[in-house]
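Asks: Mind having a look at this structure? Questions to follow.
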Amino acid sequence: MAKAKGYSDPKMEEKLKDRYYYREYSNPDFTKKVHDLARTVNHMCFQCGTCTGSCPSAPRSSYRIRLFMRRNVMGLEDESLTDPDLWLCTTCYCCTDRCPRDIAPTDVIMAMRNIAYQRGIVPVNFLKTVQAIYQSGHGVPNNDVNRAVRVRLGLAKDPPTTHSYPEFLPGIRQIIDHWHVKEKADKIVAEAEKHG
Amino acid sequence: MADTKSKVKETKAKVTDQKPRIGVFVCHCGTNIAGVVDVKAIIEYAKTVPNVVHAEDYQYVCSTPGQKKITDAIKEKNLTGTVVAACSPRLHEPTFRRATKEGGLNPFRFEMANIREQGTWVHMHDPAGATEKAKDAIRIAVAKASLLEDLTPKSVAVEHAAMVVGAGIAGMQAALDLANAGIKTYLVEKLPSIGGRMSQLDKTFPTLDCSQCILTPKMVDVGRAENIELLTYHEVDAVEGFIGNFDVTLRKKANGVLSMAEAEAKGISGGGCNGCGDCEPVCPVIKPNPFEMGMKPRKAIYIYHPQVVPLLYTIDFDSCIKCGLCVTACGEKKAIDLEMKDELRKVKVGTVVLALGYDMFPVENKREWGYKQFDNVVNSLELERLICASGPTAGHLIRPSDGQTPKRVAFVLCAGSRDNTGIGKPYCSRFCCMYSLKHAHQIIEKIPGVIPYIFYMDIRSFGKMYEEFYYRIQDEGAKFIRGRVANILEDPVTKNLHVYAEDTMLNRPIDLEVDMVVLAAAVQPAADTDRTRKLFGVSCSQDGWLLEAHPKLNPCGTTTAGVFVAGVCQGPKDIPDTVAQAEGAASAASIPIHIGKVELEPYFAQCIEEKCAGCGMCVNLCPYSALSLVDKEGGGKVMQVTEAKCKGCGTCGGFCPGGAIWMQHFATPQVIAQIDAFLLGGAK
Amino acid sequence: MAEAKGHDYALFLGCIAPNRYPGCESAGIACSKKLGINLHPMKGASCCPAPGAFGSIDLNVWYAMAARNVVIAEKMGMDIALECNGCYKSIYEVNEKLKHNDDLRDMVNEVLKTVPDPTDPTKKGTMEFKGTIDVFHLIELYSDPKICGPDRIKESVTRPLTGTRIGVHYGCHLIKPKKERHLGDTENPMWIEELVAALGAEPVQYRKKMQCCGAGGGVRGYDLVHAIDITNEKLGYLHDAKVDAVTEVCPFCQLQFDRGQIEIKEKFGKMWGLPVLHFNELLGLAQGMSPTDLALDMHAIPVDPFLKKIL
């Protein structure tokens, strides 16, 4: 899972000694992998900073989307995936609308998150949404207070979704299980809870 | 001109009677070719191709010893034709034709097989395939060479006059050079004055010369040059003809005002416009002034700017209400004619220089920067007028919202340039970095305590003394922020602007409040460029700039013989580069005129009279009006070719139902032989 | 396509509207009907699924689950209408991506084959993404003069919101990325303002109108303080512009602005007290529905100051 912010990393010291673009940390396949998932010209970044300048998260954190784009161009996989800032993108797509190189940096971030998840690096809140959807078909499920209000409004107490038709849940679970996402989510969440 | 009937018969006889003896020369081009294909195998193969009596290879066939191999082989082996397998004919066809000629053959007995651009370069990862393709190319070339005939280029007389379209600094310079070289030059300008964009600028970088001060002497020179016929407020309407003999139809747009010469010609003695300006104050119509970027009013009768050449008022008939007040004010001079209509006129010139200039990219399309949404966001040409002593504010920089003097000014570089979104322009507009540095200097000079903030991605200060200028402006206190501007928002109360960007050097997002923003907007081809270039048959590149004949080795020429380009219309460039290219274009345009004749490739259509039924269908098909029907000896009609007009496109030859048209150098038997050689292989 | 079918749409509900702000759902159905838009329930639909959560973890699952929802509407033979920007991102974008990328469509259909039929859960092998329908946000249907348009909305108003000042929050995924949407300018759009004006209210411009609410991309769950800091900035600008309410077209943005204000009070000690209303709720009020019928009592921030101006 992702580390909390504000960590001090002895590995960073190590990296800073290496002035050859972190050769041993760099993975040329990373750029390609990101490209396949993001379906954008991620390798074309020229570091103008329009993305960071557009980013609502940048002024209130150390998250710099330009930096992730740079790491992506140079294939710095570990450095990208282990940086907790990766999870601060609100996916507002301002950077994507304005990027002069017509790259979709937002989709680059999403692709990197996918790759991070494959390596088990992922904040638990993302996984809890998965668990909720697996359970009920809804990321934000119904509750009794809301059911009462729905009835008052003349609506069915549960919406005509999987809530009213739970017989569709096995199909949805099948989709999620096809990529073993629930299984992996359970494992990572359990691990995280064990470590508090 | 078309006395070729007997020759057709004669050469055709020659083609069929002679037993072909072809020599093949394969060029290594260093490793360009030999590094990919198996040259030895190709030579061995060439020797097996029918009609080949000689085959050899050489490191560089285009070199002097390489050419000697061709001349020697022609003599020793009594060759009837030569084939060189090497690069594109665009590069070395003239070289090898010359070598063939020196060997004693007609130069058109030479055929080229392109095994580099269309072979080793595109198939560098497939040596075996490239080798086979080279063999095919040689076999096809030999098939054609075996049927080639002797041809003689035609020469045509060149009209001793030139035309320059566009009278900005590029057009003016080209016209002056042509005129000074003794050539009658028509200088055509769509606006009422010459001078172009440069006359809108305040100062020029890096010398900080006053733009008008260095421009107006040239304008005066142009106005007075005996060999220049100045045609302001004119547009090109139609173009016919070819190098040496362009017939250009010009439209003299109705300006409603008679010059003194025109008045004289109409018998109004001592009349015509002397530029006194009595008409302007009485005109009741007020419109925005385009010379001042719309920031100053203009009357319906106006002079374009105070230093116009020629000094002549113009009526904007789109806004004139024909009240007649100006006519009264003009009085006895009788210079104003409110019923004036456009007039057409034809001139004949030998060569043409296009100097069509540029417009600003409509930067309001980049919505994130707020141009035309927020009062205090201006483009750089508007800033030029706002800091120019002759501009709407007499050189006092004020912000449009409230007339206050700005103390913090942000400059946004690459505003629509280097933009692959489809909204802006993918290219670098090339002079914005430098004029923005100049702007920073100018506001520092004018406004004590002002801070210019220059938002940039790269500062491209590539010219002579440009980097030094960059150093100087930084020393003067301009702040350079390395980050492209993401967004500009207005404070609705103060009308100040918040500039959002990342200072990528500090790795920090910034929100900078400034009083005014200047967008260094991209440039794009001037509005009328596409129409004009099509009239002259000139191509353009993807981004709309006119296409030069070769980007490095023929930067002033175009693919249309006799038409040349100068200035920004060929691609963004600053004033020194523009003037240099204009002088280059003028020089190139003067050469055919001074020689007095041009040689045309002899790829003309020829009529085989005994087969021609005189149906005349080809006459209507010809895109160049090169064909006509004439009376035949002994009655009936027969087609005749005006060779100077024929471009050898083959439209008529492909169409002729009787097979009566012989396309020289691309004759049907030659082309069929090539196709056969390709499809049937080449076993002896 | 929609016109031929007489403005019938499959209503994709998503999660937050039906399960947290049921007034959005009831108002959406009732108000649309008055405007000639008939919304039909999509039996067995699920979460869109959440683009921030699933998109961040496994895009394949995101494509496949969203495609399953699209196929339900395909089988109904109707275009989809929905009322949440998050759902719009999933449903609209996946629908378009699968229409234009054969590799993705094949991958998704391979999995959908194993999923039960929406009309009969015992049947399998009938689910296939065909790409036969389009996806719309209700707000774009309201805005489209061919379907509804501001004039028709104006005609439907029985209780004009006269005298109220309303700021519009467009949200992100409705209009961005602009190249993949078809809703025009993303820097300063004005078309929802036109609809707000049609209700009789005064649409108000404010700074950073186009900034994100802060909730998206899983950030609300990952770092709440960070998320509500973004919200807090926008609330400040809305406050500066002296608005009586902010309206949006996304229940997730609504949650962030509405419950977010409680969280802002807790974390930053500032209580803005700004009423937050989904456009459907505003429309319901303007068409004469009572606050109770709209379940406005479910809002964390009382809507009363706004209601006082119009009731």
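Asks: Count, please, the residues in region B:512-542 that happen to be in a loop (DSSP other than H, G, I, E, B) and under 23 Å from B:V236 (Cα atoms).
Replies: Of all residues in region B:512-542, those in a loop (DSSP other than H, G, I, E, B) come to B:515, B:522, B:526-528, B:536-539, B:541-542.
Subset that is under 23 Å from B:V236 (Cα atoms): B:526-528, B:536-539, B:541.
So the count comes out to 8.
Asks: Which residues, counting only those in region A:117-129, are facing chain C (nearest Cβ under 9 Å) and either touching an Asp or Glu at 6+ places or on another chain (Cβ under 8 Å) or not basic (K, R) (or both)? Break it down stepwise before answering.
Replies: Applying the first criterion (facing chain C (nearest Cβ under 9 Å)) to region A:117-129 yields A:117-118, A:122-129.
The answer is A:Y117, A:Q118, A:V122, A:P123, A:V124, A:N125, A:F126, A:L127, A:T129.
Asks: Let me ask something else about it. Among residues belonging to region A:82-116 that are among the hydroxyl-bearing types (S, T, Y) and more than 7 Å from every other protein chain (Cβ to nearest Cβ), point out the one that is surrounded by the most Cβ atoms within 10 Å (Cβ to Cβ). First the steps, then the outcome.
Replies: To start, the set of residues in region A:82-116 that are among the hydroxyl-bearing types (S, T, Y) comprises A:82, A:90-91, A:93, A:96, A:106.
Next cut, more than 7 Å from every other protein chain (Cβ to nearest Cβ) only: A:82, A:106.
Details: A:T82: 16, A:T106: 28.
Looking at residues that are among the hydroxyl-bearing types (S, T, Y) and more than 7 Å from every other protein chain (Cβ to nearest Cβ), I get A:T106.
Asks: Just one of B:G463, B:G422 is touching a residue at least 12 places away in the same chain (Cβ under 8 Å), surrounded by fewer than 18 Cβ atoms within 10 Å (Cβ to Cβ) and assigned to a loop (DSSP other than H, G, I, E, B); which is it?
Replies: B:G463
Asks: Further question on the same structure: Residues B:V493, B:V450, B:V409: which one is crowded, with 22+ Cβ neighbours inside 10 Å, of a type outside the set (S, T, Y) and in the same structural domain as B:M505 (by TED's automatic domain parsing)? Steps first, please.
Replies: Numbers: B:V493 fails: crowded, with 22+ Cβ neighbours inside 10 Å; B:V450 fails: crowded, with 22+ Cβ neighbours inside 10 Å.
It is B:V409.
Asks: Moving on. Let me spell it out: the conditions are (1) part of a loop (DSSP other than H, G, I, E, B); (2) farther than 22 Å from B:H54 by Cα, and B:E149 meets all of them except one. Which number is the exception?
Replies: Failed condition: (2).
Asks: Within region C:33-76, count every residue that is hydroxyl-bearing (S, T, Y) and at the interface with chain A (Cβ under 7 Å from one of its Cβ atoms). Spell out how you get there, then give the answer.
Replies: First, pick out the residues of region C:33-76 that are hydroxyl-bearing (S, T, Y): C:46, C:56, C:63.
Adding the requirement that they be at the interface with chain A (Cβ under 7 Å from one of its Cβ atoms) leaves C:46, C:56.
Total satisfying the criteria: 2.
Asks: Of all residues in region A:58-81, count the ones that are more than 13 Å from chain C (Cβ to nearest Cβ), outside any helix (DSSP H, G or I) and at pLDDT 95 or above.
Replies: In the first step, residues of region A:58-81 are kept if they are more than 13 Å from chain C (Cβ to nearest Cβ); the result is A:64, A:66-80.
Subsequent filtering for residues that are outside any helix (DSSP H, G or I) retains A:64, A:75-76.
Pick out the ones that are also at pLDDT 95 or above and you get A:64.
Total satisfying the criteria: 1.
Asks: Could you tell me whether C:G221 is over 25 Å from B:K366 (Cβ atoms) and small (G, A, S)? Quick ask: steps written out before the conclusion?
Replies: On the way: over 25 Å from B:K366 (Cβ atoms): yes; small (G, A, S): yes.
Yes: the conditions hold for C:G221.
Asks: Looking only at region B:55-85, which residues are assigned to a strand (DSSP E or B) and buried (at least 22 other Cβ atoms within 10 Å of the Cβ)? Don't jump to the end; show me each part of the working.
Replies: Within region B:55-85, the first condition is being assigned to a strand (DSSP E or B), and the residues that meet it are B:55-58, B:81-85.
Passing the criteria: B:A55, B:G81, B:T82, B:V83, B:V84, B:A85.
Asks: Name the single residue that is nearest to B:E502 (Cα to Cα) among those in region B:466-480 being surrounded by 17 or more Cβ atoms within 10 Å (Cβ to Cβ) and under 36 Å from the mean Cα position of the chain (by Cα).
Replies: Filtering first and then ranking leaves B:F480.
Asks: Quick one: how many residues across region A:130-153 are touching a residue at least 24 places away in the same chain (Cβ under 8 Å), assigned to a helix (DSSP H, G or I) and either more than 8 Å from chain C (Cβ to nearest Cβ) or touching a strand residue (DSSP E or B) at 6+ places or on another chain (Cβ under 9 Å) (or both)?
Replies: 3
Asks: Can you pull out the residues in region C:61-94 that are charged (D, E, K, R) and in a strand (DSSP E or B)? Before you say what the answer is, go through the steps one by one.
Replies: Within region C:61-94, the subset charged (D, E, K, R) is C:68, C:74-75, C:79, C:83, C:89, C:93.
The answer is C:D79, and nothing else.
Asks: Name the pairs: first residue in region A:154-183 and facing chain C (nearest Cβ under 7 Å) and exposed (fewer than 14 other Cβ atoms within 10 Å of the Cβ), second residue of a type outside the set (F, W, Y) and part of a loop (DSSP other than H, G, I, E, B), Cβ to Cβ under 7 Å, at least 6 apart or on different chains?
Replies: Close Cβ pairs satisfying both conditions: A:E167/C:P121.
Asks: Of the residues that make up region C:189-204, is at least one within 10 Å of another protein chain (Cβ to nearest Cβ) and either at pLDDT 95 or above or crowded, with 20+ Cβ neighbours inside 10 Å (or both)?
Replies: Of region C:189-204, the ones within 10 Å of another protein chain (Cβ to nearest Cβ) are C:189.
Next cut, either at pLDDT 95 or above or crowded, with 20+ Cβ neighbours inside 10 Å (or both) only: C:189.
For region C:189-204, residues within 10 Å of another protein chain (Cβ to nearest Cβ) and either at pLDDT 95 or above or crowded, with 20+ Cβ neighbours inside 10 Å (or both): present.
Asks: Any chance you could count how many residues in region C:71-114 are closer than 16 Å to C:K130 by Cβ and in contact with a strand residue (DSSP E or B) (Cβ under 7 Å, 6 or more places away or on another chain)? So that I can check it myself, show each step before the final result.
Replies: Of the residues in region C:71-114, the ones closer than 16 Å to C:K130 by Cβ are C:71-80, C:91, C:94-102, C:104-113.
Checking which are in contact with a strand residue (DSSP E or B) (Cβ under 7 Å, 6 or more places away or on another chain) leaves us with C:72-73, C:76, C:78-80, C:91, C:95.
Number satisfying all stated conditions: 8.
Asks: Residue check: is C:V249 more than 14 Å from chain A (Cβ to nearest Cβ), surrounded by 24 or more Cβ atoms within 10 Å (Cβ to Cβ) and under 22 Å from A:D97 (Cβ atoms)?
Replies: Details: more than 14 Å from chain A (Cβ to nearest Cβ): yes; surrounded by 24 or more Cβ atoms within 10 Å (Cβ to Cβ): yes; under 22 Å from A:D97 (Cβ atoms): yes.
The answer is yes for C:V249.
Asks: Is there a residue being out of contact with any Pro (no Cβ under 7 Å at 6 or more places or on another chain), surrounded by fewer than 14 Cβ atoms within 10 Å (Cβ to Cβ) and free of Cβ contacts under 8 Å to residues at least 12 places away in the same chain anywhere in region B:503-517?
Replies: Checked region B:503-517: at least one residue is out of contact with any Pro (no Cβ under 7 Å at 6 or more places or on another chain), surrounded by fewer than 14 Cβ atoms within 10 Å (Cβ to Cβ) and free of Cβ contacts under 8 Å to residues at least 12 places away in the same chain.
Asks: Could you run through region B:546-561 and say how many residues are at pLDDT 95 or above and touching a Phe, Trp or Tyr at 6+ places or on another chain (Cβ under 8 Å)?
Replies: Matching residues across region B:546-561 total 2.
Asks: Return a yes/no flag: does region B:232-241 have any residue that is crowded, with 16+ Cβ neighbours inside 10 Å, closer than 25 Å to B:S390 by Cβ and at pLDDT 95 or above.
Replies: yes
Asks: Of all residues in region B:227-274, which are β-branched (V, I, T) and either more than 26 Å from B:P592 (Cα to Cα) or part of a strand (DSSP E or B) (or both)?
Replies: As a first pass, look at region B:227-274 and keep what is β-branched (V, I, T): B:228, B:232, B:236, B:239, B:243, B:248-249, B:257, B:268.
Of everything in region B:227-274, those that are β-branched (V, I, T) and either more than 26 Å from B:P592 (Cα to Cα) or part of a strand (DSSP E or B) (or both) turn out to be B:I228, B:T232, B:V236, B:V239, B:V248, B:T249, B:V257, B:I268.
Asks: Within region B:601-616, how many residues turn out to be among the hydrophobic types (A, V, I, L, M, F, W, C) and surrounded by fewer than 21 Cβ atoms within 10 Å (Cβ to Cβ)? Walk me through how you get there before you give the answer.
Replies: From region B:601-616, those among the hydrophobic types (A, V, I, L, M, F, W, C) are B:604-605, B:607-608, B:612-613, B:615; that's our starting set.
With the extra rule that they be surrounded by fewer than 21 Cβ atoms within 10 Å (Cβ to Cβ), the set shrinks to B:608, B:613, B:615.
Residues in region B:601-616 being among the hydrophobic types (A, V, I, L, M, F, W, C) and surrounded by fewer than 21 Cβ atoms within 10 Å (Cβ to Cβ): 3 in total.
Asks: Among B:S269, B:S259, which is closer than 30 Å to B:G350 by Cα, polar (S, T, N, Q), out of contact with any His (no Cβ under 6 Å at 6 or more places or on another chain) and not assigned by TED's automatic domain parsing to the domain that holds B:M198?
Replies: Values: B:S269 fails: closer than 30 Å to B:G350 by Cα.
When all the criteria are applied, what remains is B:S259.
Asks: Among all residue pairs at least 6 apart or on different chains, which show Cβ distances below 6 Å where the first residue, located in region C:208-232, is at the interface with chain A (Cβ under 7 Å from one of its Cβ atoms) and on the phi > 0 side of the Ramachandran plot and the second is buried (at least 21 other Cβ atoms within 10 Å of the Cβ) and of a type in the set (F, W, Y)?
Replies: As it stands, the answer is C:G218/A:F126, since those pairs meet every condition given.
Asks: Only one of (1) buried (at least 22 other Cβ atoms within 10 Å of the Cβ); (2) out of contact with any helix residue (DSSP H, G or I) (no Cβ under 6 Å at 6 or more places or on another chain) is not met by B:L437, so which one is it?
Replies: Evaluating B:L437 over (1) buried (at least 22 other Cβ atoms within 10 Å of the Cβ); (2) out of contact with any helix residue (DSSP H, G or I) (no Cβ under 6 Å at 6 or more places or on another chain) leaves (2) as the failure.
The values are calculated or read from the model by the stated rules, or taken from the named source; none is laboratory data. Source: prediction; values computed, not measured. Positions of Cβ are generated from backbone atoms using ideal geometry, with glycine treated the same way; all protein chains shown enter the neighbour counts.
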